[in-house]
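> Before I ask anything, here is the structure I am working with.
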Amino acid sequence: MSLFEDNRYRWRETYFVQFPLENRPSADKMRQAISTVGDQIEVTEIRADDEGNFESMTLLAPDNFAAIDVSFLSGEEVIEHGIEFSQEIESLGCSGSDTGRAERLREYDGRFDILHFEEVGDSDDDEEPNAVLDPGALLLVLETLAELTSGITVDPQTGTLM
């Protein structure tokens, strides 16, 4: 189940981790990688294809008032987005190692979509919650997934590499 269907969470932002498809992890490796982050993140649901390759998972980080949906994509759409991100990043005048990383995005054919949600509780109103969303869990997940896949994290809202 997507967190979009859960009234206790409100979507805040999306990030991508782009990587070579050959580095796609199994569901077991994803669970192991997230378990190294610490006790603050709980895997509540994980899905795999028939070969055991990772498809999607839902993570909860109650201490951070956050939750995260991670899903896997591959194919032409991922490559096209990689080319677009690369061009956008290069047009912003990146330098040094970011130039090489932006160029590699053009070749990557696998991607994790990481959707960050804020826990707002059971309230149905649109009031801002009293708790403050902490991005710490999100940053740890992004770093862990990029390291696991030898990938690159992209903030598509700003067109920047992380």
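> Pop a pseudo-label 7 angstrom from the Cα along the beta-carbon direction at both SER35 and GLN87 and give the gap in nm to one decimal.
Here the modelled spin labels are 4.4 nm apart.
> Within 13 Å, Cβ to Cβ, of ILE46, how many net charges do the neighbouring residues add up to if Lys/Arg are +1 and Asp/Glu are -1?
-3
> Tilt of helix 136-149 relative to the longest C-alpha principal axis of the chain, in degrees (0 to 90, nearest 10)?
Rounded to the nearest ten degrees, it is 40.
> On the protein heavy atoms, probe 1.4 angstrom, tell me the percent of accessible surface of the range 14-54 carried by carbon and sulfur.
Its accessible area is 37 percent carbon and sulfur atoms.
> Among GLU107, GLU76, GLU90, which one shows the biggest mean-square fluctuation in a GNM of the chain, springs joining Cα atoms closer than 10 Å?
GLU76
> Let me ask something else. In the Gaussian network model of the chain, springs joining C-alpha atoms below 10 Å, which of LEU142, LEU133, LEU59 carries the largest mean-square fluctuation?
Comparing LEU142, LEU133, LEU59 in the GNM, the peak value goes to LEU133.
> Then there is this: Go ahead and set up a Gaussian network model of the chain, Cα springs under 10 Å, then flag whichever of GLN87, GLN18, GLN32 fluctuates most.
In this elastic network of the chain, the residue with the biggest mean-square fluctuation among GLN87, GLN18, GLN32 is GLN32.
> Taking 0.36 nm per intervening residue step and subtracting the Cα-Cα distance, what contour gain separates ARG106 from ASP122 on full extension?
Length gained between ARG106 and ASP122: 1.6 nm.
> Between helix 76-91 and the chain, what is the angle of the helix's C-alpha long axis to the longest principal axis, kept within 0 to 90° and rounded to the nearest 10?
80
> Here's a follow-up. Using a 1.4 angstrom probe on the protein heavy atoms only, line up THR44, THR149, THR36 by accessible area, largest first.
Output order, biggest surface exposure first: THR36, THR44, THR149.
> Next question, about the same structure. What is the local net charge at GLN87, summed over the other residues whose Cβ is closer than 15 Å to its Cβ (Lys, Arg +1; Asp, Glu -1)?
-4
The values are calculated or read from the model by the stated rules, or taken from the named source; none is laboratory data. What you see is a predicted model; the values in this text were computed from it and never measured. Note that each Cβ is placed from the backbone with ideal geometry, even for glycine, and that neighbours are counted across all protein chains shown. Ligands, DNA and RNA are stripped out before the accessible areas are found, and what is left, the full protein with its side chains, is counted by its heavy atoms. Shrake-Rupley method; radii C 1.70, N 1.55, O 1.52, S 1.80 Å.
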